[in-house]
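Notes follow once the structure below has been shown.
The values are calculated or read from the model by the stated rules, or taken from the named source; none is laboratory data. All values reported here derive from a predicted model rather than from experimental measurement. In this analysis, Cβ positions are derived from the backbone assuming ideal geometry, glycine residues included, and neighbour counts consider all displayed protein chains.
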Amino acid sequence: MAIELRPARADERKALEALQLRASIAHPDYREVLLANPEVIVLPDEQIAAGQVIVAEDDGSLRGFAVVLPRDDGQAELDGLFVEPDQWRGGVGRRMVEWAETYAASFGASRLCVIANPTALDFYRAVGFVQTGVAETQFDTAPVMEKPL
């Protein structure tokens, strides 16, 4: 597999939202609530236009995407990271975290922060994040994690 990372295009928004849904319901924990509330999966056009969304592509097929947003405190938020379930454990997520680190550092952030899906804790730990707290999300509580850049 030859994963290429590139900025997302506006015409890919719907395909990326569908990828996000597939990745999000692959674990049963949130499947029922997401299928009952599909409107919560939204990838804003503004984030794509600003270059804050990167896609992982293999031979023309979307394999995943990540979103990094600058925070008011000067740090960066990994606002989303989604990989096609059949690509899990293949290095796609790790590559996108590496991109996120570089992108965050480019606007002066010294930390990359994420509100992690509890089912992805092992992944985030494996790529260097440590838990620093807990946040309330729309559906549950979730670990707050950070990685120094």
**Message:** Glu77 - would you say it is surrounded by 12 or more Cβ atoms within 10 Å (Cβ to Cβ), in contact with a strand residue (DSSP E or B) (Cβ under 6 Å, 6 or more places away or on another chain) and among the charged types (D, E, K, R)?
**Reply:** yes
**Request:** Assess whether Ala66 counts as being small (Gly, Ala, Ser), at pLDDT 95 or above, under 23 Å from Thr141 (Cα atoms) and buried (at least 20 other Cβ atoms within 10 Å of the Cβ).
**Result:** yes
**Item:** Residue satisfying all of: in region 8-30; assigned to a helix (DSSP H, G or I) and among the acidic types (Asp, Glu); modelled with the lowest pLDDT among these
**Value:** Glu17
**Complete:** Filtering region 102-149 down to residues that are of a type in the set (Ser, Thr, Tyr) and touching a residue at least 24 places away in the same chain (Cβ under 8 Å) yields Tyr103, Ser110, Thr119
**Request:** May I ask you to list the residues in region 109-149 that are assigned to a loop (DSSP other than H, G, I, E, B), surrounded by 13 or more Cβ atoms within 10 Å (Cβ to Cβ) and at pLDDT 95 or above?
**Result:** Ala109, Val127, Gly128, Phe129, Leu149
**Complete:** Per the list (1) without any contact (Cβ under 8 Å) to a residue 24 or more places away in the chain; (2) of a type outside the set (Lys, Arg); (3) outside any strand (DSSP E or B); (4) within 23 Å of Val144 (Cα to Cα), residue check on Glu39 breaks on (4)
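Per-residue answers, yes or no, for (1) modelled with pLDDT of 95 or more; (2) of a type outside the set (Lys, Arg); (3) surrounded by 13 or more Cβ atoms within 10 Å (Cβ to Cβ); (4) touching a Pro at 6+ places or on another chain (Cβ under 6 Å):
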{"position": "Arg6", "(1), (2), (3), (4)": "yes, no, no, no"}
{"position": "Glu32", "(1), (2), (3), (4)": "no, yes, no, no"}
{"position": "Glu46", "(1), (2), (3), (4)": "yes, yes, no, no"}
{"position": "Val55", "(1), (2), (3), (4)": "yes, yes, yes, no"}
{"position": "Gly90", "(1), (2), (3), (4)": "no, yes, yes, no"}
**Message:** When you scan region 99-108, do you find a residue that is touching a helix residue (DSSP H, G or I) at 6+ places or on another chain (Cβ under 9 Å), aromatic (Phe, Trp, Tyr) and not in a helix (DSSP H, G or I), even just one?
**Reply:** no
